Amino acid sequence: MKKHCLLLTFTAFTFFFAHPATAQSKIDSLLPLRGLCIAAPSPGGIESFSTFIEEELAPRKVNTLILRIDFNYQFVSRPELRDSIALSASDVKKLVAVCRKKNIRLIPQINLLGHQSWAGRLNNLLKVYPQFDETPYVIMPEKYEWPNEDGLYCKSYCPLHPDVHKVVFDLVNEICDVFESTAFHAGMDEVFYLGDDECPRCQGFDKAELFALEVRTVRDHLAKDNRELWIWGDRLLDGKTTGYGMWEASYNDTWPAIDLIPKDVMICDWHYERADKSAVYFAMKGFRVATCSWRNPSIAVKQVNDMINFRTNATAVMKDRFQGMIQTVWSGAENFLRECNDHKEGKITTGLSQWDCFQKMFEKINE
């Protein structure tokens, strides 16, 4: 019996290394999309991040890397919107080269519509172009607290301002060109300010129609260059009916937009405290969808199992709508790499940790 087991183990071992293409096709069939979403590194962190891609992402068979750029790039079309320290084109090309070498799809993200401020600070777009502000009467506080009387989480730009897309599409075009990307992630999550009663342009408009209009506008712009639009999925879920709440879903009536936007938009469906099954809802509505984890390893493992089960048990029509998994990281790239190194050196115990979640999720995927 022992000899038989050893023979089987040796045969499987030999097959895996003798047929790497077969092993690759197997995991691609199991979960076509295996991603990481993280803030782009600073210029000083390009080399270490490139090494991280080669030594940590590629061996785990990560095949999609979403980099949150926002204003961390030396934009030529809109230099007034650059961060004071920002990536150069040559910095970006180093990342493009290493991702191409390792067959990793590289997708840039700039937050559109929402997330135009954070805590008590305006982000660059509204700082430079205050006329785009959906709620200019909401003054940024010296000390931010939640909840607050204004319902301020993050500011939004007004999607109906006649000049806003002229500016943001310059950013989108330039960042997609330098990243040589076939897709763009527009964020569009946690939009609390939309169709405001005091906005002279969009007051009284249906919020779902406004949200859908902005999605279609961005999608149609990208389609001119054969690029896909990716967004977070929370605004397309009814937070009250599902019990998901106002963060992972919508309390401000944007959720009917799910029936108003093009079906080729890629949905990144994030749930961090429970292994909620809303990926099925998106797939049934005709969208491709990936489930997104954050820092809870046990939840991430459940989500991997769910996604595999969804694909395994789906109809032929729906199977490929269940695309896979994305680990999200909501600290800087440098902090995530530091956490990775601390784990390797035994300085951090496992538990609620972005790195531990990433590690456990990809261990499960690669079983």
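Each reported figure results from applying straightforward, stated rules to the coordinates on display, with no laboratory input. Model, not experiment: these values are computed from the prediction. Counting neighbours? That spans all protein chains shown, and the Cβs are built from the backbone with ideal geometry, glycine included.
Fewest first, what order do VAL76, VAL168 take by the number of other Cβ atoms within 10 Å? Let's see the in-between values first.
Working: VAL76 11, VAL168 23.
Listing VAL76, VAL168 from fewest to most nearby Cβ atoms yields VAL76, VAL168.
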Give me P(r) over region 222-278, computed from all C-alpha to C-alpha distances, binned every 10 Å, as integer percentages. 23, 48, 22, 7
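Before anything else, pin down the relative contact order of the chain: Cα pairs under 8 Å, at least 6 apart, normalised by residue count, whole percent.
Values: 629 pairs, mean separation 58.2, N = 367.
Normalised by residue count, the contact order of the chain is 16 percent.
For the pairs LYS26/LYS302; LYS155/LYS302; LYS94/LYS263; LYS26/LYS94; LYS102/LYS302, note any where the Cα-Cα span goes beyond 23 Å.
On the way: LYS26/LYS302 20 Å; LYS155/LYS302 34 Å; LYS94/LYS263 33 Å; LYS26/LYS94 30 Å; LYS102/LYS302 28 Å.
Table pairs above 23 Å Cα-Cα are LYS155/LYS302; LYS94/LYS263; LYS26/LYS94; LYS102/LYS302.
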Give the label of the value calculated from the structure for mean projected area of the Cα convex hull in nm², choosing from [x] 19.7; [y] 29.0; [z] 20.8. [z]
Counting DSSP beta bridges in the chain, what percent are antiparallel, to the nearest 5? 10 percent
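Per the helix-only calculation at 222 nm, which mean residue ellipticity applies to the chain, given -39500 (n - 2.57) for every DSSP H run of n ≥ 4 and division by its residues, nearest 500 deg cm²/dmol?
Numbers: 12 runs with 138 residues, N = 367.
One gets -11500 deg cm²/dmol as the mean residue ellipticity at 222 nm.
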Direction-averaged shadow area of the convex hull around the Cα atoms of region 97-193, nm²? 7.5 nm²
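In whole Å and largest first, what semi-axes does the C-alpha gyration tensor of region 237-352 yield when each eigenvalue is scaled by 5 and square-rooted? Mind showing how you got there, number by number?
Details: eigenvalues 168, 62, 33 Å².
So the equivalent ellipsoid measures 29, 18, 13 Å along its semi-axes.
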Please work out the Cα center distance from region 298-337 to region 210-285, rounded to the nearest Å. 16 Å
Could you line up LYS277, LYS127 from fewest to most neighbouring Cβ atoms inside 10 Å? LYS277, LYS127
Using the Cα centre of region 32-365 as the reference point, and only Cβ charges (+1 on K/R, -1 on D/E), how large is the resulting charge dipole? Debye, rounded to the nearest 20. 1400 debye
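Order these by the 10 Å Cβ neighbour count, fewest first: VAL317, VAL301.
VAL317, VAL301
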With a cut-off of 18 Å, note down the residues of region 154-171 whose backbone N falls inside the zone around a label point 7 Å from the Cα of THR217 toward its beta carbon. 155-171
